[in-house]
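This report refers to the structure that appears directly beneath it.
The values are calculated or read from the model by the stated rules, or taken from the named source; none is laboratory data. A quick note: this is a predicted structure, and the numbers were derived from the prediction, not measured. Reconstructed Cβ throughout: ideal geometry from the backbone, glycine too, with neighbour counts over all protein chains shown. Each accessible area value is taken on the protein alone, full model and side chains, heavy atoms only, with ligands, DNA and RNA left out. Shrake-Rupley method; radii C 1.70, N 1.55, O 1.52, S 1.80 Å.
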Amino acid sequence: MKRIAIVGGGIAGLTAAYELAKLVQAGNPVEAILFESTHHLGGIVETVREGGFILECGPDAWVTEKPWARTLVEELGLAEEIIPSNDATRKTYVLIDGHLQAMPDGMRMMVPTDLAALDTSNLFSPEAKQSFHNEITRAGELKSSAPQQDESVATFVHRHFGDEVLEKIGAPLLSGVFGGDVTKLSVRAVMAPFVAMEREHGSLIAAARARAATNSKPAAIFTTLRSGLGTLIDHLIAAIPTNWIRLGDTVQYLSREDDCWLIGTGKEIERFDAVMMAAPVDVARALIEPIAPQAADLMSMEASSAVVVGFGFANATSLSLPLGFGFLVPPGSNNLLLAATFMDQKFADRVPPGGRILRAFFGGAAANRLMRCGNDEIAAIARLELARILGPLPEPQVTVVRRWPNSLPQYAVGHLERMAELDERVSSLKGLWLLGNGYRGVGLPDLIRDARAAAQSAAT
Ligand SMILES: Cc1cc2nc3c(=O)[nH]c(=O)nc-3n(C[C@H](O)[C@H](O)[C@H](O)COP(=O)(O)OP(=O)(O)OC[C@H]3O[C@@H](n4cnc5c(N)ncnc54)[C@H](O)[C@@H]3O)c2cc1C
């Protein structure tokens, strides 16, 4: 019987445990123990259901293009629960000088596919619009000057579209997902498809248009579950043997002895044949450092924190919001918010009749400051910040505040090379797998894909 320890019960650790449970059913002689330091499973994935509202405390959806979350959800018997984002009314706004300006239709992140829509947009100055038009004519130059090495997102976006586009949409689009600073983020790690587009076409606009012309009608950009992503967690838990799960058990110590792994929790030390490390990267790094300091060095990365505040407003017909999914706040504007989502407009069935959900998202330095405040104070600040932009808000019926410290690891320039070296070092340790959002993607589909693949190789 092979004994496998899983450290951390977020989506990565739970998916690994689920896959191992399936392998056991298929006749593989495996036993797993999942150590989770808190008393609940799911990590950042959490849904609060109260008063008819469905409030996501962490992720609210996955990117439809990546198939791995959907496959898992279908396998768990949740196909009926799958819903798309309301893309017919998809619009994202950017806060400019205190006003919400809509991003033009047809944007693929910061790349427009519809230049006519771009030309009528109020978001960009005439100079920025011209820089988009020029990007197509600069295709040859952009292709031949594409660097051989990794570079920052800022340098990449700047080379194609200039300062204004970087500041107004490049920085806010990426900082909410990848924790932070576009001058440090690796373009190859966080915008790989765009790097490939540059390599092939030079111009990103030409590449995006070529792709749009060959694709049939695109599916909705985001997918989620009708009753919230917490349902995915509930179904994963139900598929894992209960005697595998140890709640309130923090792994404090990891070592190797005679080809075995020793895991210490403060209560006892146990032996395992393999370890699937699915704790956040800073925790994983500290645990691995005594055994493999060079691997730990490669795991050292900045991570930014997030604070999420969700408000459920009952009978909120007075609250009229612009059509669309929400807005982004460029860094440097006089506002603590990083973004806000109009949840009931983004997805169906989130609210009771007449209800509305607004979700405020704080990141970086603002999140670090807010993190030290009490929940009531955080909620009051979030309400004030939203009201400054959207106008007076009614009294919420439901308020949810969540702090997610160091939850968004920053993939800095050179990340892919460092991860390749880390993989080599980790595989030489025999029986160790690193899972979670510090390594090969932060989105749920990536984490699910990696956890399943790792469980299959750990079990054999
Ligand atoms: C606010 C926010 C919004 C997001 N939105 C989206 C989105 O819409 N779509 C998307 O695809 N992704 C989104 N992401 C990213 C995604 O949610 C995360 O990358 C993912 O949930 C991380 O899962 P994980 O299992 O790696 O880590 P976690 O969820 O952090 O789980 C790690 C677990 O390890 C436990 N742990 C820690 N230390 C120990 C220890 N020593 N011993 C035992 N257990 C330990 C923790 O308690 C935790 O439960 C979002 C992230 C944030 C922060």
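Things worth noting here:
- In the chain, Cα pairs under 8 Å separated by at least six residues give a relative contact order of 26 percent.
- Spin-label model distance (nm) - LYS143 vs GLN456, 7 Å beyond Cα toward Cβ: 3.7
- Dividing the convex hull volume of the alpha carbon atoms of region 303-409 by its residue count gives 102 Å³ per residue.
- J(HN,Hα) series, region 425-430, from Karplus relation 6.51 cos²θ - 1.76 cosθ + 1.60, nearest Hz, glycine and proline x: 5, 5, 5, 6, 7, 6
- For the chain, the share of accessible area belonging to carbon and sulfur comes to 53 percent (1.4 Å probe, ligands and nucleic acids excluded).
- Cα-based Rg / Dmax (Å) for region 359-447: 19.1, 59
- Karplus-derived 3J(HN,Hα), 6.51/-1.76/1.60, for each residue of region 237-251, Hz, glycine and proline x: 4, 5, 8, 9, x, 4, 6, 8, 9, 10, 8, x, 10, 8, 6
- More than 42 angstrom apart: percent of Cα pairs within the chain: 17
- Sites ASP105 and ILE269, calculated FRET efficiency, Cβ-Cβ separation with R0 41 Å, nearest 0.05: 0.10
- Between ASP349 and THR38, the FRET efficiency from the beta-carbon distance, with R0 = 35 Å, is close to 0.75.
- Computed with a 1.4 Å probe over protein heavy atoms only, the accessible surface of the chain comes to 42 Å² per residue.
- Longest segment of the chain lacking GluC sites (Glu not before Pro) that sit in a DSSP loop with at most 12 other Cβ atoms within 10 Å: 66-267
- Rounded accessible area of HIS39 (nearest 10 Å², 1.4 Å probe): 150
- In the chain, the longest principal axis of the Cα atoms and the axis of helix 192-201 are about 50 degrees apart.
- Rounded D (µm²/s) - region 167-211, Kirkwood Rh over Cα pairs, Stokes-Einstein at 4 °C, 1.567 mPa s: 114
- The relative contact order of region 1-59 comes to 36 percent, based on Cα pairs under 8 Å that sit 6 or more residues apart.
- Where labels lie 7 Å past Cα in the beta-carbon direction, separation of SER427 and GLU75 in nm: 2.2
- A Förster distance of 30 Å, applied to the separation of the beta-carbon atoms of GLU164 and ALA219, puts the FRET efficiency at 0.45.
- Taken along its three principal axes, the alpha carbon spread of region 63-190 comes to 51, 37, 28 Å, from the longest extent down to the shortest.
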